[in-house]
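Each remark here refers to the structure printed beneath this line.
The values are calculated or read from the model by the stated rules, or taken from the named source; none is laboratory data. Since the structure is predicted, the reported quantities are computational estimates derived from the model, not experimental observations. Positions of Cβ are backbone-derived with ideal geometry, glycine not excepted, and every protein chain shown enters the neighbour counts. Protein only, heavy atoms only, side chains kept; ligands, DNA and RNA dropped before computing areas. Shrake-Rupley method; radii C 1.70, N 1.55, O 1.52, S 1.80 Å.
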Amino acid sequence: MPASNEHIVIEAVRPELNGGRYRAKAVKGDTVDVTADIFRDGTAVLAAVVRCEDPAGNTSESRMAHFDNDRWRGSFQVLTEGRWHYTIEAWTDHFSTWRRGLLKKAEAGQATGLDLEEGALLIERRLALVPRHSRGVLENAVAELRSRSATATSFGEEEIEAALGPEVLEAMEGHPDRTGGTFYRPLLELTVDRERARFGAWYEFFPRSTGPHGSHGTFRTSADHLATVASMGFDVVYLPPIHPIGETHRKGKNNALLRQPEDVGSPWAIGNRAGGHKSVDPNLGSLGDFDHFVETAGRHGIEVALDFAIQCSPDHPWVMEHPEWFHHRPDGSIMYAENPPKKYEDIYPINFDTPDREGLWRELHSVVDFWIAHGITIFRVDNPHTKSFAFWEWLIDEVQRERSDVIFLSEAFTRPKVMRLLAKLGFTQSYTYFTWRNEKGELTDYLEELTQTDMADYFRPNFFTNTQDILTEFLQTGGAPAFKIRFALASLMSPSYGVYSGFEFYENIPLRKGSEEYLDSEKYELRHRSWEPEDGTLIPFIRRINQIRHDEPALALLTNLCFQSTDNDQVLAFSKTIPGRDAILVVISLDPFSTQETTVTLDMLQLGLDESRPYRLDEMLSGAAVEWRGPKNRVTLDPLGQPAQIFKIGAP
């Protein structure tokens, strides 16, 4: 005999990751859409609800509606941060099944008194589920059905509707009999984050490069620099490691093996006699100076993100205190990091297969807790794909159980499946391949993958234009227009994006031809910059686009991106919309060398536009207003002037 007598099947639920193994993601205030295939044997009518539980244990449910080929849709709103649970319950709606059959019989002239009595019995059995003060409508319906079954010989649709009007339907739907229903298993989980998890403009700089006249900067000089960063409209300042830097095998300028006494070394070679991951580099100041920096950032409306790099210099206290946490070679020496032909003698990777796994994991957890206590709630994690997957799932879960506001950004330029797994394991945001996507087809394919597949349920991209490690060929060769193009693409396509300091000054000299490393890389030396005057820099362009991002709610979302058609492969057009709000249309040249023209063909229905009427577009970079008619209109883009146009289309 079968183990179950269930008639109803629920499958193909979305969002659901790997059969419920991982959690989908949302942001506080979101309405989470849930879809599923729901069907049963036979022809009976079904009903279904989405049931959810918030982090405090409060439960609620909302009805689902059938919309296509056994596909059902429902939703619930998430109003608090933390871990939510949800599932689907479906059951056979015997009353609606009876009512549907009765109406068909009535239309065919076949309804009988016995059919009405069946309905009366169904309603009577439902009375026990209805509060006493609400039973009157159903009791009257029972009496009406029995009265008609006893006095009439034929029944038309009008007579039946008189007994089963809207009030009866509302009462029956509001108090369903779910006997024999089915719950979807397993119970699904959802991580609900704060808004910064989805939307923010990131700016990376090295505190040690903020000193006057090229001297070593400090947290105090960096705090003075925050007003400039805030004036450009950035929301997050990301700092590379701020810890003491190792002396053993310290690298010289441009990653030279032989260093000079004045060389400052790589911040990613963490630890010396002054401390390790819970200490600050004395050259930057004290822990109190760091606290002052974080407080100053907050006054400017900026959050501080710290680099969390799980690796050590040979001088890190852990090397002496916990040698078992490192890889050892046959001769007993500790293995340094390598990525042939590159060697990183100044860095020891951690052995996550250490016999003291528990001790290592707890210590790393305490590092995160230490910086949270000093006001840090955003961590940019260095190369997480080279560390234990199990560790990340455990750490992020442990931290966010206590602090749901903590954000983890995965810096993992690696294989696609690994990047996706890290996001499923709990990373709030992820670096992406955008950095190397330049052509129209590459960009549209990648953005459609991010917005139209199940990646949209869990993978939040952060489009960095460049990093301290990555200076792309496009930026090396395209001059100032290339920087404008990449900035516009990153900031307007993705709600979260980032730039590394120097981008605003068009820094684009590689270490050598064919390399993505910067010449005179800031990873190994101080890099003095002057932010005045702004003329001839990208700063005004950055400031204006960041202002537009904050003013236009449609740009704060990702999955509302819709590509519009252009007849020129050197021009990309896309829109972002929110119902009832102004739509944003962006047209960008992908060519930093030549003027490009194109005919943009708009999806008028998607944008809510009437083909028979002209419509106004306000171009937000130039301040000009234009009037377009119909779906096809011409746009010209000059890379030396304005390679992008950002139009606001008034809400219909």
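Being at pLDDT 95 or above, out of contact with any Pro (no Cβ under 9 Å at 6 or more places or on another chain) and open to solvent by 20 Å² or more (accessible area, probe 1.4 Å) is not true of Thr477.
Assessment of segment 369-379 against the conditions (of a type in the set (Gly, Ala, Ser), farther than 20 Å from Tyr238 by Cα and either touching a Gly at 6+ places or on another chain (Cβ under 6 Å) or not in a strand (DSSP E or B) (or both)) yields no matching residue. Just one residue in the set Ser96, Ser147 is among the polar types (S, T, N, Q) and touching a residue at least 12 places away in the same chain (Cβ under 8 Å); that residue is Ser96. Residues in segment 272-300 that are of a type in the set (A, V, I, L, M, F, W, C) and not in a helix (DSSP H, G or I) were compared, and the one that is surrounded by the most Cβ atoms within 10 Å (Cβ to Cβ) is Val280. Checking Pro186, Pro244 one by one, the residue that is surrounded by fewer than 16 Cβ atoms within 10 Å (Cβ to Cβ) and in contact with a Gly (Cβ under 6 Å, 6 or more places away or on another chain) is Pro186 and no other. If you go through segment 544-556 and keep only what is surrounded by fewer than 16 Cβ atoms within 10 Å (Cβ to Cβ) and in contact with a helix residue (DSSP H, G or I) (Cβ under 9 Å, 6 or more places away or on another chain), you end up with just His550. Considering each residue of segment 210-231 in turn, at least one proves to be modelled with pLDDT of 95 or more and charged (D, E, K, R). Note on segment 376-392: among residues that are surrounded by 17 or more Cβ atoms within 10 Å (Cβ to Cβ) and either among the hydrophobic types (A, V, I, L, M, F, W, C) or within 16 Å of the chain's Cα centre (by Cα) (or both), the one that is farthest from Leu450 (Cα to Cα) is Ile376. All of (1) acidic (Asp, Glu); (2) without any contact (Cβ under 8 Å) to a residue 60 or more places away in the chain; (3) touching a helix residue (DSSP H, G or I) at 6+ places or on another chain (Cβ under 9 Å) hold for Asp331 with one exception: (3). Scan segment 326-344 for residues that are of a type in the set (A, V, I, L, M, F, W, C) and closer than 15 Å to Thr386 by Cβ and jot them down. Hits for segment 326-344 are Phe326, Met335, Ala337.
Among the candidates Pro631, Pro614, single out the residue that is of a type outside the set (A, V, I, L, M, F, W, C) and surrounded by fewer than 16 Cβ atoms within 10 Å (Cβ to Cβ). Full working, then the answer.
Working: Pro631 fails: surrounded by fewer than 16 Cβ atoms within 10 Å (Cβ to Cβ).
Criteria check complete, one pass: Pro614.
Filtered by the rule that a residue be open to solvent by 30 Å² or more (accessible area, probe 1.4 Å) and either in a loop (DSSP other than H, G, I, E, B) or over 18 Å from Ala269 (Cα atoms) (or both), segment 329-352 gives Arg329, Pro330, Asp331, Gly332, Ser333, Met335, Tyr336, Pro340, Pro341, Glu345. Within segment 357-375, the set of residues being out of contact with any Leu (no Cβ under 6 Å at 6 or more places or on another chain) and aromatic (Phe, Trp, Tyr) comprises Trp361, Phe370.
Mind counting the residues in segment 417-446 that are free of Cβ contacts under 8 Å to residues at least 12 places away in the same chain and surrounded by fewer than 18 Cβ atoms within 10 Å (Cβ to Cβ)? Of the residues in that region, 3 qualify. Taken together, the residues in segment 486-517 that are within 19 Å of Trp436 (Cβ to Cβ), among the hydroxyl-bearing types (Ser, Thr, Tyr) and in contact with a strand residue (DSSP E or B) (Cβ under 7 Å, 6 or more places away or on another chain) amount to 5. Taking segment 462-514 as the search range and keeping residues that are over 26 Å from the mean Cα position of the chain (by Cα) and β-branched (Val, Ile, Thr), which one is farthest from Phe563 (Cα to Cα)? The extreme case among them is Ile509.
In segment 393-407 there is at least one residue matching the filter, namely being open to solvent by 50 Å² or more (accessible area, probe 1.4 Å), of a type in the set (Phe, Trp, Tyr) and either at pLDDT 95 or above or not in a helix (DSSP H, G or I) (or both). Being over 23 Å from Lys632 (Cα atoms) and more than 29 Å from the chain's Cα centre (by Cα), is that true of even one residue in segment 577-588? Among the residues of segment 577-588, not one is over 23 Å from Lys632 (Cα atoms) and more than 29 Å from the chain's Cα centre (by Cα), which makes the answer no.
Restricting to segment 301-328, give me the number of residues that are hydrophobic (A, V, I, L, M, F, W, C), open to solvent by less than 40 Å² (accessible area, probe 1.4 Å) and not in a loop (DSSP other than H, G, I, E, B). Outline the logic, then answer.
Keep residues of segment 301-328 that are hydrophobic (A, V, I, L, M, F, W, C), which gives 302, 304-306, 308-310, 312, 318-320, 325-326.
Keeping just the survivors that are open to solvent by less than 40 Å² (accessible area, probe 1.4 Å) gives 302, 304-306, 308-310, 312, 318-319, 325-326.
Checking the rest, the ones that are also not in a loop (DSSP other than H, G, I, E, B) come to 304-306, 308, 312, 318-319, 325-326.
So the answer is 9.
For segment 93-130, a tally of residues being open to solvent by less than 70 Å² (accessible area, probe 1.4 Å), out of contact with any helix residue (DSSP H, G or I) (no Cβ under 6 Å at 6 or more places or on another chain) and charged (D, E, K, R) returns 3. Taking segment 557-599 as the range and being open to solvent by 40 Å² or more (accessible area, probe 1.4 Å), closer than 21 Å to Phe487 by Cα and not in a loop (DSSP other than H, G, I, E, B) as the test, the residues that pass are Phe563, Glu597. Taken residue by residue, segment 223-235 has at least one member that is on the phi < 0 side of the Ramachandran plot and more than 31 Å from the chain's Cα centre (by Cα). Here the strands (runs of 3 or more DSSP E) wholly within segment 4-92 that include at least 2 residues being modelled with pLDDT of 95 or more and buried (at least 21 other Cβ atoms within 10 Å of the Cβ) are 24-27, 31-40, 46-53, 71-77, 82-92. Segment 168-271 holds strands (runs of 3 or more DSSP E) entirely within its bounds, and those carrying 3 or more residues that are over 25 Å from Leu538 (Cα atoms) and touching a residue at least 40 places away in the same chain (Cβ under 8 Å) map to 188-193.
A quick yes/no check of all residues on (1) farther than 30 Å from Gly217 by Cβ; (2) modelled with pLDDT under 95:
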site: Trp531; (1), (2): no, yes
site: Asn546; (1), (2): no, no
site: Asp551; (1), (2): yes, no
site: Ala556; (1), (2): yes, no
site: Leu572; (1), (2): yes, no
site: Leu590; (1), (2): yes, no
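From the list Gly641, Gly623, pick out the single residue that is at pLDDT below 95, farther than 23 Å from Phe463 by Cα and surrounded by fewer than 17 Cβ atoms within 10 Å (Cβ to Cβ). It would help to see each step written out before you state the result.
Details: Gly623 fails: at pLDDT below 95.
Gly641 is the lone residue from the list that is at pLDDT below 95, farther than 23 Å from Phe463 by Cα and surrounded by fewer than 17 Cβ atoms within 10 Å (Cβ to Cβ).
Any idea which of Gly580, Gly650 is at positive phi and touching a residue at least 24 places away in the same chain (Cβ under 8 Å)?
Working: Gly650 fails: at positive phi.
Of the residues listed, the single one that is at positive phi and touching a residue at least 24 places away in the same chain (Cβ under 8 Å) is Gly580.
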